[in-house]
Structures are given as structure tokens and as C-alpha cells.
Amino acid sequence: MPELEQLDAGHAPAVLAFELANRAYFAASVSDRGDEFYDQFADRHSAMLAEQEAGSCAFYVLVAEDGSVLGRFNLYDVEDGTANLGYRVAQHVADCGVATSTVRELCRLAAARHGLHTLRAATSHANAASRKVLTKTGFVPVGPADPADLGGKPGTWYQRDLALR
């Protein structure tokens, strides 16, 4: 059974493999991260761990029994009990309920482990799967997202009050 784990240094090879294996799939719905992201992945991974240690972010990976990464689930811009949520799952587990069940679990952890009371997430209008996940996990639309935050695509911000669940 897959397990949601907080990101650590040991996850780096599996996270990079996940990102590379799903690069084209992700680029179909979100902006491609570019070659520099992959070329400098070790530095970026270390920077993420430093951000997490500082408390401004909490990064999670959904790890399969074989050690491969099935998804990434991130709480970022943590401030005053609120954080933004971002996530992506591997193509081979998309449409299997993995994102929905893991976002539900992360909402629980966000409140219990990180003391958060509100989560926000932005998604483009073109990303129907993400909109569905957010709606099924209790997020409600709260306004338009800046296209600059979504790779130039129009979208919507969603929000969930964790105290109501």
C-alpha cells in the first residue's frame, strides 16, 4: 500500500525518476519545468529541504511499496495558519483516486501536524482532473487565479477550511 512520507534527502533519486518519467504527461496540463530543473535537480532538492526545515513549506511524496514515487504533494507559502497546496501524480495512477485520497490525507496532516487551518490551491480551467480532485476533497472556488501563476493559463483559486472537516 502506498505511503505518504515527508520529503527527505533519500527521496531524491526516486523523485527525479518520477519527474523524468512523467515530464510529457505533466506538460500537457501545466507548464514544463524546463531542462534546467532536471539538470540542477540535486541543488533544487536540497533547497526544498532547507525551505522545509525553515518551516515555510512541507513537501510530501507518495511512495509505492517498491520505493518508486507515485505523486508529490506540497504545502508551500506557509504563513499565519494558511498554505498553498500543489500536487501531481504519475500518469499510470491518474484517474485511480490516488490524488483524491492523498489530498484528503494531506488535509488531515496539514491541520494535525502543521497547525494549518486553511489551504488554497490554484488550477487552470483546462485541468479538469485537478478541479475534480479539489471539489471532491472539500475545496470551493474563491476567485480567479492570475494566469502568470499557471503558466499563462486562466484558472481559479480554491480554498478549504480545515476546521470544518
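Coordinate-derived values only; no laboratory data. Owing to the predicted nature of the structure, the values given are computational and were not obtained by experimental measurement. Methodologically, a virtual Cβ is constructed for each residue, glycine included, from the backbone with ideal geometry; neighbour enumeration extends over all protein chains shown.
Across segment 1-137, the relative contact order, built from alpha-carbon pairs under 8 Å that are at least six residues apart, equals 22 percent.
Available extension along the chain between Arg113 and Asp77 is 11.4 nm, counting 0.36 nm per residue and deducting the alpha carbon span. Highest average first, the peptides 90-96, 50-56 ordered by how many other beta carbon atoms sit within 10 Å of their residues are 90-96, 50-56. Taking the convex hull of the alpha carbon positions in segment 3-164 and averaging its projected area over all directions gives 9.0 nm². For Gly71, nonlocal amide neighbours, meaning residues 5 or more places apart or on other chains whose placed amide H falls under 5 Å from its own, are Leu62, Ala90.
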